[in-house]
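Working notes, beginning with the structure itself.
The values are calculated or read from the model by the stated rules, or taken from the named source; none is laboratory data. Owing to the predicted nature of the structure, the values given are computational and were not obtained by experimental measurement. Methodologically, a virtual Cβ is constructed for each residue, glycine included, from the backbone with ideal geometry; neighbour enumeration extends over all protein chains shown.
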Amino acid sequence: MKTIYFDNNATTKVAEEVLEEIQPYFCELYGNPSSMHTFGGQVGIKIREAREKIAALLGCEPAEIIFTAGGTESDNTAIKGTLAAYPEKRKVITTRVEHPAVLSVCRELENQGYTLVEIGVDKYGRLDLSQLDEQLDEETAIVTIMFANNETGVIFPIEKIAEMVTAKGIVFHTDAVQAVGKVPINLSESGIDLLSLSGHKLHAPKGVGVLFVRKGTRLTPFMLGGHQEGGRRAGTENVPGIIGLGKACELAMCNFDEENKKVKYLRDKLEKKILEKCPDCMVNGDTENRLPNTTNISFEFIEGESILLMLDKFGICASSGSACTSGSLEPSHVLRAMGIPYTAAHGSIRFSLSRYNTEQEVDFTVEKLPPIISRLRELSPFVAK
Amino acid sequence: MWEYTDKVRDYFFNPRNVGEIENADGIGEVGSLACGDALKLTFKLDEKGKIADARFKTFGCASAIASSSALTEIIKGMTLEEAAKVTNKDIADFLGGLPEQKMHCSVMGREALEAAIENYRTGGTKKHQLEGRVVCVCFGVTEKEIERVIRDNNLTTVDEVTNYCKAGGGCGGCKGEIEKIIQRIQGDKLKEKAKTAPAKGHKLTNIQKIQLIQETINEQIRPTLRADGGNIDLIDVDGNKVVVALRGMCAQCALANITMRDLVEAKLREFVSDELVVEEAKDLADEQGKK
């Protein structure tokens, strides 16, 4: 059975070009980039090239790039490193819809005596900027707000927020793991101080990420040890991961407009056809400001895990905000923060596409999904016959 | 990805006895849309008093649908006396087992069966309702139900209770209470297990006391307030006087005094020391807000 992969906000396929690029760095060019000999040094040069490619995609200086083990480490480093650099400031501001890599960190800080403010969203998942503005004060050490939401794809007005925050002398961090490669970013013309990205969300391998740290930003290192990354992140570099991420960023940059246009076309077709063919369903989130690859659809009266399992039988991969899929008992914190009724939150399905999806895959899914929905509704006690 | 047995998958993809019996002898409805699963069970008796037909309609995940379908297969041909003895474990066993975190699906089946039998015995008048004191407000789970799953399945931890009946799986504010119910029922069995709860009664140093107060606020009090959009900060500890500030929704709440006494002070006395007195740092909170 062919796999139809519509779960690209969870992780993505490593691009063939990326795989080809990194293959020599396991058995042939395995030197340590910090070594004095040419064998290691040549790897150091490749890392420098990768750093330049990533900087080009983000519009920043190569020296502003720190390699990490992924998005979660970047987020942890940004938040804890800033707080350590500003020990006198005891307040952190974030949103109710952050990824756990940010939200769990912030809530743990609260247990350590920090004041935490979580900005809410409206029913379209849009941030309450006036609430944010009211909260910005001298006590605030850092504001951390995601660029785009992983569940709904809703994009926040990050440039505007960065301006608001940094104008008050507060450090601004954004978790951009879902946005990089899908939304144009130019950090040279931005107020963003810290930005996290993750390799495996843009066709690089898992286990590599980046924290952008604007020149002059105070940040206490999170990982101590050797002098790698200019002493800002110790540990021997994940050489294949970093080189792969460099290549992936180069690919994203080369085909940026064309690919995002194609992905958006497929996403829009998938969404439109599903809404046409399935009664009692709706799209969650602000469709005006949304990643081109994501759609989050709620199917009333049925439960997400059941839908996923039935899709799985056809090789179709998606994800759900239902409680049952997460191992927790409550549905997605993002949909709840938006005030989506529980009935719809339990039956929410996220399709997230990539450049590797095809129109045939969309057509196949649009054909298979409606009977699944009506089959499950036949089983549901909440649907009258 | 859940690891379901082949039988669970079979009963999910090919559910037996879907539907609703018209003029049923017994109807049992449990769960709700908000809780994420719900089951409507109907059965019809034959002239000998045995269950001739049983049908279900379920909103829920694969294991909820499979458990419901399994239940109907199990009880067909049983007398009501026999059916009344079916436990959640029978349902899970019938399916070759369920993932631990999905055991509540089998419990829902047993609850629906009980509700349907009761509905029949009261001549179709009585609908299922919560009996006794509600412990878990998030999922509407009563003390009686928690006791039942602990006894039926020999549970010894709060996490297990959450897996079996969802209690404690929402805001987490009732976990302390679930712990107590487990202790009451399982008693000696727990003594063998290492206890994490602090040994109250020991003379604490000041540092230990402050740490314990902070831990109690973090684990026992904050989750409950958070569920209502509120929050709490520990401001100071002076001897037995604990100064706290309520934040968020709690700060403006008309019931703040009750929250202070019945939640904050009660929990701190329970977990730290009976002698503690809680005071609200109203002025201090205002000052900090202005800074």
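Note on the stretch A:227-254: residues that are surrounded by fewer than 14 Cβ atoms within 10 Å (Cβ to Cβ) and either farther than 22 Å from A:Ala55 by Cβ or of a type outside the set (Ser, Thr, Tyr) (or both) total 4. Put simply, of A:Thr94, A:Thr12 the only residue that is within 30 Å of A:Arg350 (Cα to Cα), touching an Asp or Glu at 6+ places or on another chain (Cβ under 9 Å), of a type in the set (S, T, N, Q) and at pLDDT 95 or above is A:Thr94.
Scanning the stretch B:1-21 for residues that are at the interface with chain A (Cβ under 8 Å from one of its Cβ atoms) and either free of Cβ contacts under 8 Å to residues at least 12 places away in the same chain or among the polar types (S, T, N, Q) (or both) yields a single hit, B:Phe13. Quick check on B:Met78: is it in contact (Cβ under 8 Å) with a residue 24 or more places away in the chain, surrounded by 19 or more Cβ atoms within 10 Å (Cβ to Cβ), of a type in the set (A, V, I, L, M, F, W, C) and away from chain A (no Cβ under 11 Å)? Criteria not met by B:Met78. None of A:Ile242, A:Ile158 is touching a residue at least 24 places away in the same chain (Cβ under 8 Å), more than 23 Å from A:Gln42 (Cβ to Cβ) and among the hydrophobic types (A, V, I, L, M, F, W, C) except A:Ile158. Within the stretch A:326-373, the set of residues being part of a helix (DSSP H, G or I), free of Cβ contacts under 8 Å to residues at least 40 places away in the same chain and not charged (D, E, K, R) comprises A:Ser326, A:Tyr342, A:Gln360, A:Pro371.
Selection of first residues in the stretch B:57-70 that are more than 9 Å from every other protein chain (Cβ to nearest Cβ) and of second residues that are of a type in the set (A, V, I, L, M) and assigned to a helix (DSSP H, G or I), restricted to Cβ pairs under 6 Å at least 6 apart or on distinct chains, gives the following pairs, ordered by first then second residue: B:Ala66/B:Val8; B:Ser67/B:Ile91; B:Ala70/B:Ile91.
Residue-wise test of (1) touching a helix residue (DSSP H, G or I) at 6+ places or on another chain (Cβ under 8 Å); (2) within 13 Å of A:Leu194 (Cα to Cα); (3) at pLDDT 95 or above.
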| site | (1), (2), (3) |
| --- | --- |
| A:Gly59 | yes, no, yes |
| A:Ala69 | no, no, yes |
| A:Ile79 | yes, yes, yes |
| A:Glu98 | yes, no, yes |
| A:Val105 | yes, no, yes |
| A:Val121 | yes, no, yes |
| A:Asn149 | yes, no, yes |
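Checked against (1) within 24 Å of A:Gly347 (Cα to Cα); (2) among the hydroxyl-bearing types (Ser, Thr, Tyr); (3) in contact with a Gly (Cβ under 9 Å, 6 or more places away or on another chain), B:Ser106 meets all criteria but (3). Against the numbered list (1) closer than 18 Å to A:Val143 by Cβ; (2) touching a strand residue (DSSP E or B) at 6+ places or on another chain (Cβ under 9 Å); (3) part of a loop (DSSP other than H, G, I, E, B), A:Phe172 comes up short only at (3). Quick check, is B:Val278 away from chain A (no Cβ under 14 Å), at pLDDT 80 or above, crowded, with 20+ Cβ neighbours inside 10 Å and not in a loop (DSSP other than H, G, I, E, B)? Judged against the criteria, B:Val278 is not a match. Exactly one residue out of B:His104, B:His128 is over 14 Å from the mean Cα position of the chain (by Cα) and at pLDDT below 95, and it is B:His128. Only residues that are out of contact with any helix residue (DSSP H, G or I) (no Cβ under 6 Å at 6 or more places or on another chain), within 11 Å of chain A (Cβ to nearest Cβ) and within 21 Å of B:Asp53 (Cβ to Cβ) were counted across the stretch B:23-37, and they come to 1. Considering only residues that are within 13 Å of another protein chain (Cβ to nearest Cβ) and buried (at least 21 other Cβ atoms within 10 Å of the Cβ), which ones fall in the stretch B:134-151? Answer for the stretch B:134-151, where residues must be within 13 Å of another protein chain (Cβ to nearest Cβ) and buried (at least 21 other Cβ atoms within 10 Å of the Cβ): B:Cys136, B:Phe139, B:Val141. If you go through the stretch A:342-372 and keep only what is within 14 Å of chain B (Cβ to nearest Cβ), at pLDDT 95 or above and out of contact with any strand residue (DSSP E or B) (no Cβ under 8 Å at 6 or more places or on another chain), you end up with A:Pro371, A:Ile372.
Residues are listed down the side, and each one gets a yes or a no for (1) within 14 Å of chain B (Cβ to nearest Cβ); (2) touching a helix residue (DSSP H, G or I) at 6+ places or on another chain (Cβ under 9 Å); (3) touching a residue at least 12 places away in the same chain (Cβ under 8 Å):
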| site | (1), (2), (3) |
| --- | --- |
| A:Glu88 | yes, no, no |
| A:Tyr114 | yes, yes, yes |
| A:Thr144 | no, yes, yes |
| A:Glu163 | no, no, yes |
| A:Gly191 | no, yes, yes |
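One residue is enough: does the stretch A:288-306 have a residue meeting the conditions on the phi < 0 side of the Ramachandran plot, within 14 Å of another protein chain (Cβ to nearest Cβ), buried (at least 22 other Cβ atoms within 10 Å of the Cβ) and without any contact (Cβ under 8 Å) to a residue 40 or more places away in the chain? Yes, the stretch A:288-306 has at least one match. Restricting the stretch B:152-174 to residues that are in a loop (DSSP other than H, G, I, E, B) and more than 10 Å from chain A (Cβ to nearest Cβ), which is nearest to B:Ala84 (Cα to Cα)? So, considering only residues that are in a loop (DSSP other than H, G, I, E, B) and more than 10 Å from chain A (Cβ to nearest Cβ), the one nearest to B:Ala84 (Cα to Cα) is B:Asn154.
Residue-wise test of (1) assigned by TED's automatic domain parsing to the domain that holds A:Ile145; (2) more than 19 Å from the chain's Cα centre (by Cα).
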position	(1), (2)
A:Ser196	yes, no
A:Val239	yes, yes
A:Ile242	yes, no
A:Asn260	no, no
A:Pro279	no, yes
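For the stretch A:116-127, the criterion of being in contact with a Cys (Cβ under 8 Å, 6 or more places away or on another chain), surrounded by fewer than 20 Cβ atoms within 10 Å (Cβ to Cβ) and over 24 Å from A:Ala179 (Cα atoms) is met by at least one residue.
In the stretch A:309-321, the residue that is farthest from A:Gln360 (Cα to Cα) out of those that are within 9 Å of another protein chain (Cβ to nearest Cβ) and within 25 Å of the chain's Cα centre (by Cα) is A:Leu309. Restricting attention to the stretch B:160-187, the residues that are over 17 Å from B:Cys138 (Cα atoms) and crowded, with 21+ Cβ neighbours inside 10 Å total 1.
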